[in-house]
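Encoded as structure tokens, the structure appears first; notes follow it.
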Amino acid sequence: MTNTKHNLIHSTYYGDDCIFLLEDLTNKITPLSVEEKEAYIRSGGNYAEVISKEDSFDDHIIEIFKELTLTHAYQIADYVGIICNHLYKKYGNDMVFVSLARAGSPVGVLMKRYMLWRYGSDIAHYSISIVRDRGIDENALDDIRNQHPEKELCFIDGWTGRGSITFELKKAVEQYNQSRSAHLNSDLIVLMDPAHLSKIAATKKDICLPNACLNSTICGLVSRTIFLKDKNKESYHGAIFLKEYKDQDYTNWFIQKISKKFHEPKESMIADKVDEKYVPSVYQKLSEDFGVLEKTK
């Protein structure tokens, strides 16, 4: 997507594997210390309006990441294939992958590559920002829809947890549809759905995706997304490029290890229904078992 209005952040992904629709704030924002960020949030600010410095990972964490990747590469490739086959049967080539930066970005890249490997389909893949209590980047959605007016937008993340992003996406897309008279589907597509909140997931098992071990060094050296209160009306949400971690970047190593294991899955899509009562019931059980009386929503 070529747009002179925006200074898009670059990443270390290959080619158009992942186009981040994020403004490059690398030299425009200063990372805060954790203490400074916490003080800002306590004063009423939103966590996404500021960013703290990312720490590098020690060799032990890197080895865990590598071991998980090599051990589960075939299984992850299986899950990617299950999801992609389901989507292709439903939409064919008439879809665009819209991953939620950053955790969804590697999954979106794997799905794009699988579609090319299995069907010869070059599906466009963009990664955009969504922020709790601030919603999704509507300017980015506008531009994607203008670029691909007849395509179905498929929102992608890695997994479901407590459900914060799942519900934020649903609320944000509903608001977007109302303001634009649009009909976007707010379903979140994930590989793993332990929270039982996704209609399109390869498994309901709680399995650790290896990319969950790392931060920018598995996502093209792109930081967590940033929402600036005083941003231009036409601007996207932003991020910074963490070039200082170039020597620790496993972005394309991870993609290549999984891509080499692509195959035709034997299993079909998991079609379990959404159960919004599941996560609260788990929290309730944990609170009873460990004597924690905090009320969960």
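Laid out as a table, the results:
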{"read-out": "Sequence-distant lysines (8 or more away, or on other chains) whose Cα lies within less than 27 Å of Lys266", "value": "Lys66, Lys89, Lys90, Lys112, Lys199, Lys204, Lys205, Lys257"}
{"read-out": "Sequence-distant residues sharing a close amide H with Thr26 (under 5 Å, placed H)", "value": "Phe241"}
{"read-out": "Residues with amide H under 5 Å from that of Thr12, placed H, sequence gap 5 or more", "value": "Gly220, Leu221"}
{"read-out": "Of all accessible heavy-atom area on the range 81-176, the percent that carbon and sulfur account for (1.4 Å)", "value": "41"}
{"read-out": "Residue-wise HN-Hα coupling along the range 119-134, computed from phi with Karplus coefficients 6.51, -1.76, 1.60 (Hz; x: Gly, Pro)", "value": "10, x, 9, 9, 7, 5, 10, 10, 10, 10, 9, 9, 10, 4, 6, 10"}
{"read-out": "Cβ crowding within 10 Å averaged over residues, with 110-118, 242-250 ranked highest first", "value": "110-118, 242-250"}
{"read-out": "Amide H within-cut-off set for Phe20, under 5 Å, with H built and near neighbours excluded", "value": "Ser127"}
{"read-out": "Reach of Lys285 by Cα under 15 Å, taken over aspartates and glutamates that are not fewer than 8 positions away in the same chain", "value": "Glu294"}
{"read-out": "Protection proxy ranking, peptides 28-34, 82-88, 286-292, average beta carbon neighbours within 10 Å, highest first", "value": "82-88, 28-34, 286-292"}
{"read-out": "Computed [θ] at 222 nm, helices only, for the chain once each DSSP H run of length n ≥ 4 contributes -39500 (n - 2.57)", "value": "-11500 deg cm²/dmol"}
{"read-out": "Accessible area of the chain divided out per residue, in Å², using a probe of 1.4 angstrom", "value": "51"}
{"read-out": "Above-threshold pairs, the threshold being 22 Å between Cα atoms, out of Lys37/Lys229; Lys53/Lys243; Lys171/Lys229; Lys5/Lys53", "value": "Lys5/Lys53"}
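The values are calculated or read from the model by the stated rules, or taken from the named source; none is laboratory data. Because the structure is a prediction, the values reported are computed rather than measured. Every residue, glycine among them, receives a Cβ derived from its backbone with ideal geometry; neighbour counts consider all protein chains shown. Keep in mind that these areas ignore ligands, DNA and RNA; they rest on the heavy atoms of the full protein, side chains included. Shrake-Rupley method; radii C 1.70, N 1.55, O 1.52, S 1.80 Å.
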